[in-house]
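Read the structure below first, then the notes.
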Amino acid sequence: MRRALKLLAVLVLVSTLFSSAACSKVKEMKETQGSSPKNLQKKIVLGFSQVGAESDWRTANSESIKAAAREEGIELLFLNAQQKPENQVKDIRSFIVQQVDVIAFSPIVESGWDTVLKEAKLAGIPVIIMDRGIDTKDESLYETYIGSDFTEEGRKAGKWLLEKIGKSNEKVNVVELQGTFGSAPTNGRRDGFQEIIRGNPNIRIIRSLTGDFMRSKGKEIMEKFLKVEGDQIQVVYAHNDDMALGAIEAIEEYGLRPGKDIKIISIDAVKAAFEAMKAGKLNCTVECNPLQGPALMKAVKDLMEGRPLPKRIVIDEGIFPEETAEKEAVNRKY
Ligand code: AHR
């Protein structure tokens, strides 16, 4: 029995050494690609797993990450999880096998990450959470979380509504187009908005459905809301601009005027939202800044150079009501 156990231990050790030697080789190849002296230096290798390509915001976020990595000379292994958390788990595992220096990811949903993050920790690879937060009791599983304050974004949307419409004594029926179910921005934006409107009994959320942050689904859901509620809807609260733009199409096809018959407030502040505001079809957009690449690369470098990181890095953001659209549109970078 003892001999058998010994044999098993040796086998495990040999296979571990073999696979880690193979992985080091992959890494070595990446580090020495090209022949300029700069390329011969050891490059930091960052594995990043992105949510998907569901919105204009996401496109700008991916571009920001890629450009910042190029700028900082960091080798980026970029994977797209296509909105499926199980793909993200696979992505992270593949980064562990490749022994990257740092893993970063924008978690599609908040929960379910502990197991794979423990695997990264065991492999000695630090993890940075970006854009969307995670729900874990063990904060040692990641180094820092860089991203927006989604609850505050929801509060800003709620405050705008209270100020604009909430003062009158009339009933205000709101329909809500939520983002991906279980994701940090959906939970934060829902809770922050509710927290503010709770103070006014005239404002009521009469329908709420998830449109996955996509324009096509935003349109589909708005069509359903209109079919059931018709002209009982006074306000659309969309968790992102893409869904608001889809809702605008649905409202027009239904024969009402978006921005006038039905007020619309959304989140992100992408260029297309400014165009919609200029056309009088959207009333307000709360900023969620996707240009997080430079902050991520700085954190990666700090980590690699042994500088301490704050556990939370919050991105600074504003709010753009329709009156500001004309002036601000020219300044938009995404
Ligand atoms: O996580 C950020 C959110 O995800 C953005 O608001 C949305 O547009 C994106 O898809």
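The values are calculated or read from the model by the stated rules, or taken from the named source; none is laboratory data. Not measured: the values here are computed from a predicted model. Here the Cβ positions follow ideal geometry from the backbone for every residue, glycine too, while neighbour counts run over all protein chains shown. Accessible surface areas use protein heavy atoms only, side chains included; no ligands, DNA or RNA. Shrake-Rupley method; radii C 1.70, N 1.55, O 1.52, S 1.80 Å.
Dividing the convex hull volume of the alpha carbon atoms of region 96-223 by its residue count gives 124 Å³ per residue. Reported value for region 51-147: 92 Å³ per residue, from the convex hull of its C-alpha atoms. Count Lys and Arg as plus one, Asp and Glu as minus one, and take only other residues whose Cβ is under 14 Å from that of residue 66; the net charge is then -2. How large is the accessible surface per residue of the chain, computed with a 1.4 Å probe and reported in Å² as a whole number? I get 49 Å² per residue for the chain. Here the relative contact order of the chain, from alpha carbon pairs under 8 Å that lie six or more residues apart, stands at 16 percent. Dimensions of region 169-227 based on its C-alpha atoms, expressed as ranges along the principal axes with the largest first, amount to 35, 29, 12 Å. Based on every Cα atom in region 129-184, Rg and the maximum pairwise Cα distance Dmax equal 16.3, 50 Å. Largest first, the three principal axis extents of the alpha carbons in region 150-288 are 34, 33, 28 Å in whole numbers.
The sum of -39500 (n - 2.57) across all DSSP H runs of n ≥ 4, divided by the residue count of the chain, sets its helix-only mean residue ellipticity at 222 nm to -15000 deg cm²/dmol.
Candidates 92, 55, 265 compared by Cα position along the dipole of the chain: farthest toward the positive end lies 92, with charges placed on Cβ.
Residue 188 sits among other residues whose Cβ lies under 13 Å from its own Cβ, and their net charge, with Lys and Arg +1 and Asp and Glu -1, is -4. Taking GluC sites (Glu not before Pro) in DSSP loop states with no more than 12 other Cβ atoms inside 10 Å as exposed sites, the chain has its longest site-free stretch at 1-169. Report, in degrees rounded to the nearest 10, the 0 to 90 angle that the Cα long axis of helix 215-229 makes with the longest principal axis of the chain. Computed tilt is about 40 degrees.
Axis angle, to the nearest 10 degrees, between helix 2-32 and the longest C-alpha principal axis of the chain: 70 degrees. Surface composition of region 125-166: carbon plus sulfur atoms contribute 42% of the solvent-accessible area (1.4 Å probe, protein chains only, all chains present). Over the chain, what is the percentage of antiparallel beta bridges among all DSSP beta bridges, to the nearest 5? Percent antiparallel among DSSP bridges in the chain is about 5. Taking the charge dipole of region 150-288 about its Cα centre, with +1 at Lys and Arg Cβ atoms and -1 at Asp and Glu Cβ atoms, the residue from 203, 183, 284 reaching farthest to the positive side is 203. Dipole of the chain (Lys/Arg Cβ +1, Asp/Glu Cβ -1, origin at the Cα centre): which of 161, 238, 117 lies farthest to the positive side? Highest projection toward the positive end goes to 117. Dimensions of the chain based on its C-alpha atoms, expressed as ranges along the principal axes with the largest first, amount to 81, 53, 35 Å.
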